1. Counting alpha carbon pairs within less than 8 Å and at least 6 residues apart, what relative contact order, in whole percent, applies to the chain?
2. Provide the net charge surrounding ALA122, with neighbours chosen by a C-beta distance below 13 Å and charges set as Lys +1, Arg +1, Asp -1, Glu -1.
3. Show that you can apply the helix-only estimate: for the chain, add -39,500 (n - 2.57) for every DSSP H stretch of four or more residues, divide by all residues, and state [θ] at 222 nm to the nearest 500.
4. Given an 8 Å cut-off on Cα distances and at least 6 residues of separation, report the relative contact order of segment 88-168 as a percent.
5. Could you give the distance between the Cα centres of segment 166-213 and segment 225-271, to the whole Å?
6. If packing is taken as the mean number of other Cβ atoms within 10 Å per residue, what is the order of 165-178, 31-44, highest first?
7. Can you give the Rg to Rh ratio for the chain, taking only C-alpha atoms and Rh from Kirkwood?
8. For Cα pairs less than 8 Å apart in space and 6+ apart in sequence, what is the mean separation divided by the residue count of segment 159-312, i.e. the relative contact order in percent?
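Just so you know, all these numbers are worked out from the coordinates, no wet-lab data involved. Here the structure is a predicted model, which is why all the values come from computation and not from measurement. When we count neighbours, we look across all protein chains shown, and the Cβ atoms used for this are built from the backbone with ideal geometry, even at glycine.
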Amino acid sequence: MSSDIKIPKLSQKHLLGIKYLSVKDINKILELGNFFKLKNKEKNKNYPILTGRTVINLFFEPSTRTLISFEIAAKRLGADVVNMNIQGSSLRKGETLFDTAQTIGAMNPDLVIIRHNEDNSAEKISNLLDCPVINAGEGVNEHPTQALLDAFTILSHKKTLKDLTVSICGDLEHSRVARSNYYLLTKMGSSVRFVYPKYFEPSDLHKYKVEKFNDLDIGITDSDIVMMLRIQNERILDTELPSTKDYFLKYGLTSERLKNAKEDVLVMHPGPINRDVEIESSLADDVNKSVINEQVENGVAIRMACLGILLK
Ligand code: CP
């Protein structure tokens, strides 16, 4: 049985983006994540510090990992959880996001978690509600809890988040995961590389202090971490893409290509993965290199930490 822990306080009311967090805030969440990771290995995984609190999941886009892990996290902390069924909601009758948020707010939730396809939607919702709001992935802007669980995973292997070379590869233009990871890893003192085909060059590239590469083999050379990204087909409107076979030939990560990186490189992917498109299927399953399943496991502990810290 694990001992109790004093839940620290965050400098922010909401978790809207890594860009708003201090290094101190990030470290507090990661340390608390450690406590919950151990707790999650016990037979009784419950740590009911949120009994009587109501958490609402408001997911306007599909999700497996984020939605389920937030639900598990909130339940393990003893909260009552409501997953709003968007398809069966009054949004289908034309109610606006604004009115939906006002309506949810009138029911006095203690915390709202939102995923939406529009940038800054979590911030807009946070201005309408009295309770804390967590951004569970919005537009191409940020996915802060993904970056936190990625950092937690890196830290558990590398014992530091400083002085690492992290190559983030693939569809940089449409990736909120890349942006949140960029903010987090550079705040912690690591170097980030963006490795992408020209057609996935981020339109806001000027904002990021990164090394840029269009060649995957060169872009991952001597990297400590290779983070592959899913092609975000749902956000691609007017870009003509190569066939998945051609994409894999040029930008797919294989065991052979990975020899360019450091011997002890970690392969990461936020999921869902497209096997043999952005990553070779056997490499994704190679537990000596790939930490994709650990990322998912750590997502529960990190989301418990985020809920606990915001509702303290
Ligand atoms: N990584 C991630 O956000 O996955 P889901 O879309 O399944 O939540």
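1. Relative CO of the chain lands at 21 percent.
2. It works out to a net charge of -1.
3. -10500 deg cm²/dmol
4. 22
5. 13
6. In decreasing order of mean packing, 165-178, 31-44 become 165-178, 31-44.
7. 0.97
8. RCO, segment 159-312: 22 percent.
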